[in-house]
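What follows is calculated from the coordinates using simple rules that are stated; it is not laboratory data. It should be emphasised that the depicted structure is a prediction, and the values quoted were computed from it without experimental measurement. Every residue, glycine as well, gets a Cβ built from its backbone with ideal geometry; the counts of neighbours run over all protein chains shown.
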Amino acid sequence: MPDVIDVHTHVVPKGWPDLAAECGGSGWPWLRVSSEREAIIMIRDTEFRRIDSSCWDPAVRLADMDADGIDRQVVSPTPVFFGYDRTPAQAAGLARIFNDLTLDITGGDPRLIPFCQVPLQDPAAACAELDRSMAAGHVGVEIGNHVGDQDLDSAGVVEFLQHCASVGAPVFVHPWDMPEGPRLDRWMARWLTGMPAETHLSALALILGGVLDQVPATLRLCFAHGGGSFPYWLGRADNAWTHRGDVVRGRSTRPPSAYVDRFYVDSVVFSEPSLRLLVDTMGEDRVVVGSDYPYPLGERPAGNVVRTASFLTEPQRAKLLSANAFRFLFG
């Protein structure tokens, strides 16, 4: 069988230079190293996330891939390090540092496919860093689903996406910077509800904002976390497009469901009924395996729901495990 590919994993280097000294500014994330195997991502003096050596040690990562039956893995940044709230110069310096460190971790191993980050708040700088990173060995780019109040249909992001299409760079879209407040700051509700909603909103922006009518069909995009709540509520979006076209259609020329063949979604939905809905809605050619490795809300073993889903035929399963991801990554 062709290689099984996991398109959604993250990396955190074990250490990085003093970001204030290298990039300017203050209040940067830093790593409190507890031991050779454990650390804590800190934002100022607040604990953001506990991590372990699976984030930075390729030997641990490769061993887990072997245990899960994963042949190749896309290795992307952790969104807390995007730096979209910084000046363009600061974010560009941050991207260079972390992109180079990611290449140190992946080390040219053909099983590990590095994706870079870019200073998305500045399209010219983002295009330049993408070009530099791909020349150095990165295969594609991970971006956040918005930059402040600018969604995927903002002029600057569209300019960057057009550049990605022109250079053949696949784009992995990951939610980040979710709303917070008393109702969302318990039970990890920002991750359980905010992430799916953020992804849903940005998929709609891509469609209703007319982006997919502007950018070439050669642009290869994939949304994390099964496309969030977008697949479940696609019928609602179509209904609104038809009956309230005066306010809903935006710059799109067709109803939302007509665009699902223009992007991919990963399979991190955790249950067979959810995967069935995803495949029924997006089509068997548009779902790829993703795990969100190595974080606790990810799927382990990676790709388990796809491997065990009773409704998939073996040719369909092979598409989800391998062929679709290969087409997303390499065209």
Worksheet entry | Loop-resident sites, segment 142-188, for chymotrypsin sites (Phe, Trp or Tyr not before Pro), counting at most 12 other Cβ within 10 Å (DSSP) | W187
Worksheet, complete the sentence: Of all DSSP beta bridges with both partners in segment 1-93, the antiparallel percent, nearest 5, is 70 percent
Fill in: For segment 180-331, size of Cβ-based charge dipole, Lys and Arg +1, Asp and Glu -1, in debye
120 debye
Worksheet item: How about segment 85-176: which GluC sites (Glu not before Pro) there are in a DSSP loop, with at most 14 other Cβ atoms within 10 Å of their Cβ?
Response: none
Fill in: the chain: antiparallel DSSP beta bridges as a percent of all, rounded to 5
35 percent
Worksheet entry | Residues with amide H under 5 Å from that of C116, placed H, sequence gap 5 or more | V139, G140, V141, E142
Worksheet item: So what is the relative contact order of the chain, in percent, for Cα pairs below 8 Å that sit 6 or more residues apart?
Response: 17 percent
Worksheet item: For the charge dipole of the chain, defined by +1 on Lys and Arg C-beta atoms and -1 on Asp and Glu C-beta atoms about the Cα centroid, which residue among P315, M65, A165 has the Cα displaced farthest towards the positive pole?
Response: P315
Worksheet item: Roughly how big is segment 278-331's charge dipole about its Cα centre, with Cβ charges of +1 (Lys, Arg) and -1 (Asp, Glu), in debye to the nearest 20?
Response: 120 debye
Worksheet item: Do the sum for the chain: with -39,500 (n - 2.57) for every DSSP H run of n ≥ 4, divided by all residues, what is the mean residue ellipticity at 222 nm, to the nearest 500 deg cm²/dmol?
Response: -10500 deg cm²/dmol
Item to complete: Starting with the highest mean, order 213-225, 46-58, 30-42 by the number of other Cβ atoms within 10 Å, averaged over the residues of each peptide.
Response: 213-225, 46-58, 30-42
Worksheet item: Hey, what does the equivalent ellipsoid look like for the chain, semi-axes from the Cα gyration tensor as sqrt of 5 times each eigenvalue, largest first, whole Å?
Response: 29, 24, 20
Worksheet entry | Net dipole in debye of the chain [+1 Lys, Arg Cβ; -1 Asp, Glu Cβ; about Cα centre; nearest 20] | 560 debye
Discussion item. For a quick check of your reading of the filter: which chymotrypsin sites (Phe, Trp or Tyr not before Pro) in segment 279-331 sit in a DSSP loop and have no more than 16 other Cβ atoms within 10 Å?
Written reply: F311
